[in-house]
1. Residue A:170 passes all but one of (1) at the interface with another protein chain (Cβ under 9 Å from one of its Cβ atoms); (2) crowded, with 24+ Cβ neighbours inside 10 Å; which number fails?
2. Which condition breaks for residue A:135 when tested against (1) under 20 Å from residue B:200 (Cβ atoms); (2) within 15 Å of the chain's Cα centre (by Cα); (3) more than 9 Å from chain B (Cβ to nearest Cβ)?
3. Which numbered condition trips up residue B:98, out of (1) at pLDDT below 90; (2) under 23 Å from residue B:176 (Cα atoms)?
4. Just to be sure before I move on: is residue B:206 within 11 Å of chain A (Cβ to nearest Cβ) and part of a helix (DSSP H, G or I) in the structure I sent?
5. Could you identify the single residue in A:33, A:7, A:15, A:43 that is over 21 Å from the mean Cα position of the chain (by Cα) and surrounded by 15 or more Cβ atoms within 10 Å (Cβ to Cβ)?
6. Assess whether residue B:155 counts as being facing another protein chain (nearest Cβ under 10 Å) and outside any loop (DSSP other than H, G, I, E, B).
7. Among the numbered criteria (1) modelled with pLDDT of 95 or more; (2) out of contact with any helix residue (DSSP H, G or I) (no Cβ under 8 Å at 6 or more places or on another chain), which one does residue B:140 miss?
8. Considering B:188, B:115, which residue is surrounded by fewer than 18 Cβ atoms within 10 Å (Cβ to Cβ), within 12 Å of chain A (Cβ to nearest Cβ) and under 30 Å from residue B:42 (Cβ atoms)?
């Protein structure tokens with residue numbers, strides 16, 4: 001019985017070719033799930049009797065919001081692993097994930113605004129969820145600008161890791177504070193919490209697109225981590 | 001304990017010799033607060049409504065302005081490296097420096113806030129709530145800010161970056177601090193807000209010096 005070497009792919013040297021082999025598969029699967037999900041979203045899911053066709057943006061909006069939070073958690077996980085095990089690849093992964101996470105956060109806010117206009121009559125409300133999603137975008141921007149400002153790569157990785165972990169500790173507190181703030185001010189006249197029960201086909205479309213987004217994020221992170229390896233450790237990339 | 005008093009004394013002495021630094025962030029606070037009535041209009045009702053929010057945001061910005069000084073001078077003259085090499089735990093050094101920072105930047109804001117409250121036509125009790133909340137909240141601002149200051153030590157775009165990193169993390173303090181005044185205005189109990197501010201203070205006392213020390217080691221390696 002041979003022991004599995006869990007750290008085999010934690011070196012950029014062996015991860016570079018693996019990432020290269022995985023990218024097309026993830027991209028292909030993402031396209032497959034994406035097309036199926038969009039088909040369900042546009043042709044199978046029934047028209048909402050209250051919101052008409054405009055609700056269909058939910059199929060992009062909700063998976064994007066899920067991914068925005070999930071990617072931050074994964075990023076903080078890599079950051080923590082990088083600080084604990086002092087592995088080079090962890091910091092690279094955290095930095096490779098951040099732009100995708102920020103993109104999905106922006107996408108969630110943008111589609112939310114587009115959805116809010118026809119249904120609520122306003123582009124933006126200071127609802128607790130919207131506000132905390134906006135703050136999440138600020139946290140991503142903080143991470144991206146800190147890592148971009150530090151020239152030494154190792155220092156940038158580790159400083160970013162500390163910031164990502166501080167952010168993760170703060171996210172529940174921020175969310176809780178925003179919910180409290182919102183209920184105290186009674187600002188939003190529209191609540192997202194009283195959403196009607198969803199039809200199964202709607203849920204199916206959302207899940208399919210969530211899987212597609214997830215696979216896309218993996219592919220994007222792999223591509224980006226390959227670029228980072230090529231930039232920092234040209235020799236690891238050259239042997240591929 | 002002697003290390004603690006030593007560092008606090010040293011930082012206070014330095015701050016006293018460079019009084020203009022601390023004074024300018026204090027005047028920044030006063031000017032920002034005074035700009036709001038000019039921008040919004042002198043309507044007493046509106047001003048009273050927004051007083052606590054304005055004072056809190058101004059306190060956040062003023063703290064941010066002074067945070068750059070927390071490690072910068074020590075970094076430039078090499079003292080920070082000696083502190084990293086010292087036998088004493090680094091988090092204790094950081095905690096002492098944060099304490100001195102609060103005494104020179106946070107405490108003056110707290111002491112000045114009743115006066116600024118009068119500018120906005122607040123009543124005595126409202127002023128007491130606002131000042132109490134600031135007393136509990138401003139140390140948290142210094143503590144969380146120390147993490148950001150440690151991460152950005154010696155960077156070119158340090159001060160702008162510091163704002164990007166730290167301001168989102170300040171949101172809970174802002175929300176609960178300003179909400180204490182809001183609760184008082186609508187006749188609710190303020191104690192829950194003070195309890196949460198106290199909890200935030202205790203949690204950041206426990207975690208922030210340690211995290212800032214880790215960040216300093218990363219920045220200085």
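1. Here residue A:170 meets the rest and fails (2).
2. The number of the failed condition is (3).
3. Only one criterion is unmet by residue B:98, namely (1).
4. No.
5. A:15
6. In short, no.
7. Against the list (1) modelled with pLDDT of 95 or more; (2) out of contact with any helix residue (DSSP H, G or I) (no Cβ under 8 Å at 6 or more places or on another chain), residue B:140 comes up short only on (2).
8. The match here is B:188.
The values are calculated or read from the model by the stated rules, or taken from the named source; none is laboratory data. These numbers were taken from a predicted model, which means no experiment stands behind them. Here Cβ is always computed from backbone atoms with ideal geometry, including for glycine, and neighbour counts include all displayed protein chains.
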